[in-house]
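Contents: one structure, followed by commentary.
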Amino acid sequence: MAGGLIARPAVTTRRSAPTGSRRRTDGRAAAFFLLPSISGFLLFTVVPVIASLVLSFYEWPLIGKPVFRGVHNWIRLFTEDTVFPQVMLNTVYFVGAYIVGNLIVSLGLALWLTTKIRGRGFFRVVFFLPVVTPMVANAVIWRLIYTPNSGIADWLIHAVFGVNGPNWLGSPGWAMPALVLMSVWQGFGYNMMIFIAGLEAIPRSIREAAILDGTTAWQRLWRVLLPMLSPTVFFAVVMTLITSFQVFTQPYILTGGGPGSRTTTLVLYLYEHGFHYFDMGYASTIAWTLFVLIMFVTFIQFRVQRRWVHYE
């Protein structure tokens, strides 16, 4: 110390990089790590989707060069193909019946499994098992169940009602309900777990307050639980609808689209034209018809959900 002045140590400050430079560096690092995923998405999703749209305007028998036909495939699909209306009707029938059956079964079991019963964890695992079981294996087993005169389904009907069951997979009137029943059994477990999570997120105090108000179980379900569960129900409906429009394995293995074309769905029809008849242009047209149909129905759902989905 000299002259009353105190020497202070020099303070060195690290100068931070400019914000713009740091953002560019972070952006390059993020792009580097995302490059494998983006490359795979572009190569195996975006490019095939664009290629299928282009192919819908061509006639390509797979062996040989594609021939440009303009909108001929689209005109043929909607005005000349006599099977396509039946295929659309089959698909809509399956989607409607499957969604209703799936939601009723999954929501009913979710309500039961959120009560104080013994073995809740065991039942949740058992009911979820079909979801993680290979679809092909399940379809083969259900084909044996539906075997006329010797299958388990006929045995149960004869044991309970004393009559023989119908030809489940060979009858025009029973083939599609049989596919729906098998599909509901296969897929209800996923929505069941979604509904269980949604129900357990509802505060118990709200249920207790409804009980103190003297409401019945049915009133609590319709006036308390379902309104608060509406976002979960909406998610389940959207996802179930999208997957049900793409049904393929069940009709392919159980019925092959028969009898006649009574169980032929859009994806199975697409597969037949693409890989049986090698008409890739027409198959691409069917694929884009399915895409537009799913997008349209999903758009309608998102518009309508404002009237019944409550997020507060």
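Can you give me the distance in nm between label points at Phe78 and Gln301, each placed 7 Å from the Cα along the Cα-to-Cβ direction?
Here the answer is 2.4 nm between the modelled labels.
Please calculate how many Å² of accessible area the chain carries per residue, with a 1.4 Å probe and no DNA, RNA or ligand atoms counted.
Normalised by residue count, the accessible surface of the chain is 63 Å².
Grab the Cα-Cα distance for Arg28 and Asp213, subtract it from 0.36 nm times how many residues apart they are, and report the gain in nm with one decimal.
60.6 nm
Enter the Cα centre distance for the pair region 247-301 and region 139-161, rounded to the nearest angstrom.
Value for the Cα centre distance between the two parts: 28 Å.
Could you work out how far apart the two model spin labels at Ser171 and Val131 are, taking each label as a point 7 Å from the Cα in the direction of the beta carbon, and quote it in nm?
Modelled inter-label distance: 3.2 nm.
Using 0.36 nm times the number of residues separating Phe41 and His310, minus their current alpha carbon distance, what extension gain do you get?
Gain on extension, Phe41 to His310, equals 93.4 nm.
Of the heavy-atom accessible surface of the chain (probe 1.4 angstrom), what whole percent is carbon and sulfur? The partial results should precede the final answer.
On the way: 13440 of 19550 Å².
That fraction is 69 percent.
Suppose the chain between Thr115 and Ala51 were pulled fully straight at 0.36 nm per residue; how much longer would it get relative to their current alpha carbon spacing? Each step should come with its number before you reach the end.
On the way: separation 64, 0.36 × 64 = 23.04 nm, distance 5.14 nm.
Length gained, Thr115 through Ala51: 17.9 nm.
What are the DSSP H helices in the chain that stretch 24 Å or more along their long axis, judged by alpha-carbon atoms, and whose average Kyte-Doolittle hydropathy comes to at least 1.0?
The qualifying helices are 84-113, 175-200, 226-245, 280-304.
To the nearest 0.05, what FRET efficiency results for Phe122 and Ser205 with a Förster distance of 30 Å applied to their C-beta separation?
In this case the efficiency is close to 0.60.
How do the peptides 26-34, 283-291, 45-53 rank, highest first, by the average count of neighbouring beta carbon atoms within 10 Å per residue?
Put in order of decreasing packing, that is 283-291, 45-53, 26-34.
Using a Gaussian network for the chain with springs between C-alpha atoms less than 10 Å apart, which of these wobbles most: Glu80, Glu272, Glu208?
The residue that fluctuates most here is Glu208.
Over the chain, with a Gaussian network built from C-alpha contacts below 10 Å, which listed residue (Leu43, Leu107, Leu179) shows the highest mean-square fluctuation?
The residue with the greatest mean-square fluctuation here is Leu43.
So what is the relative contact order for region 117-189, in percent, with contacts set as C-alpha pairs under 8 Å and at least six apart?
Rounded, it is 32 percent for region 117-189.
Between region 84-117 and region 191-237, what is the separation of their alpha carbon centroids in Å?
Cα centres, region 84-117 to region 191-237: 19 Å.
From Cα pairs below 8 angstrom and at least 6 apart in sequence, can you work out the relative contact order of region 222-277, rounded to a whole percent?
Dividing the mean separation by the residue count of region 222-277 yields 25 percent.
Here are some values of Kirkwood radius over Cα pairs in Å: [x] 32.0; [y] 24.3; [z] 20.2. Which one was computed from this structure?
Here Kirkwood radius over Cα pairs in Å agrees with entry [y].
Report the relative contact order of the chain, percent, no decimals, based on alpha-carbon pairs under 8 angstrom and at least 6 residues apart. Show your work: numbers first, answer last.
On the way: 313 pairs, mean separation 81.3, N = 312.
Value for the chain: 26 percent.
The values are calculated or read from the model by the stated rules, or taken from the named source; none is laboratory data. As the structure is a prediction and not an experimental result, all values here were calculated from the model. Here Cβ is always computed from backbone atoms with ideal geometry, including for glycine, and neighbour counts include all displayed protein chains. Quick note on the areas: whole protein, heavy atoms, side chains included, nothing else; ligands and nucleic acids left out. Shrake-Rupley method; radii C 1.70, N 1.55, O 1.52, S 1.80 Å.
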